[in-house]
């Protein structure tokens, strides 16, 4: 400590006891840190530039992912997506049913026309109760709708399958990853749409079966109701006959009283 003070007092340019102290060790350390930080910064920039260049080259190699205009099969996909399905569910069919259409239906010559009227005694014309024919007409409408959906989906399936085949060729012969990726994505989308079309036809077929099952259930219920009513009426009729004519009714046999 004494040596340090002695040296400081001998330095020129110092007066009034003012001592200027320069910490060269700290300055050197700071400069070194700055250099190291700068070198690290330069390294980071260099790596970032290199990474950017690699990405640019990769993008050039992949091609333009934004170019969807000329993708094979995409027009067919958009067309099918915008196509309105002809399928009508059971509720929609019921709203259309009034029981009149089936009275004039001949099935293209397969059936005989029922007609809106019938002759009661050879002379009197009776107008038919259209409500009685609503179930049969609803089923007929559902069947006709299935036929329409079947024809439509057959055409749509053909177009989609053709588009899938073309897109698969593009995917297999693509010269860039972007082209292959877009083609494969188009193939997948077309296949999903094809499955949707198949489901539409299946839904139409199931609707026919459901309509048939509903009608059969209702007819069965009506038969049970008629049987119950007939049984009740027969029982009451038997009681009235017993009281009026002295008939004795046992089980299913009818005999006269001896009285």
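The values are calculated or read from the model by the stated rules, or taken from the named source; none is laboratory data. Note that the structure is predicted; figures quoted are calculated from it, not measured. Every residue, glycine as well, gets a Cβ built from its backbone with ideal geometry; the counts of neighbours run over all protein chains shown.
Taken together, the residues in segment 180-198 that are more than 21 Å from the chain's Cα centre (by Cα) and surrounded by 17 or more Cβ atoms within 10 Å (Cβ to Cβ) amount to 3.
For the structure I just gave you, tell me whether residue 184 is more than 26 Å from residue 84 (Cβ to Cβ), in the same structural domain as residue 153 (by TED's automatic domain parsing) and part of a helix (DSSP H, G or I). When the stated conditions are applied, residue 184 passes them. Of all the numbered requirements in (1) surrounded by fewer than 16 Cβ atoms within 10 Å (Cβ to Cβ); (2) part of a helix (DSSP H, G or I), residue 106 misses one, and that requirement is (2). One residue alone among 160, 77, 139 is assigned to a helix (DSSP H, G or I), in contact with a helix residue (DSSP H, G or I) (Cβ under 8 Å, 6 or more places away or on another chain) and modelled with pLDDT under 90, and that residue is 77. Once segment 158-179 is narrowed to residues that are free of Cβ contacts under 8 Å to residues at least 60 places away in the same chain and surrounded by 16 or more Cβ atoms within 10 Å (Cβ to Cβ), the residue that is farthest from residue 104 (Cα to Cα) is 174.
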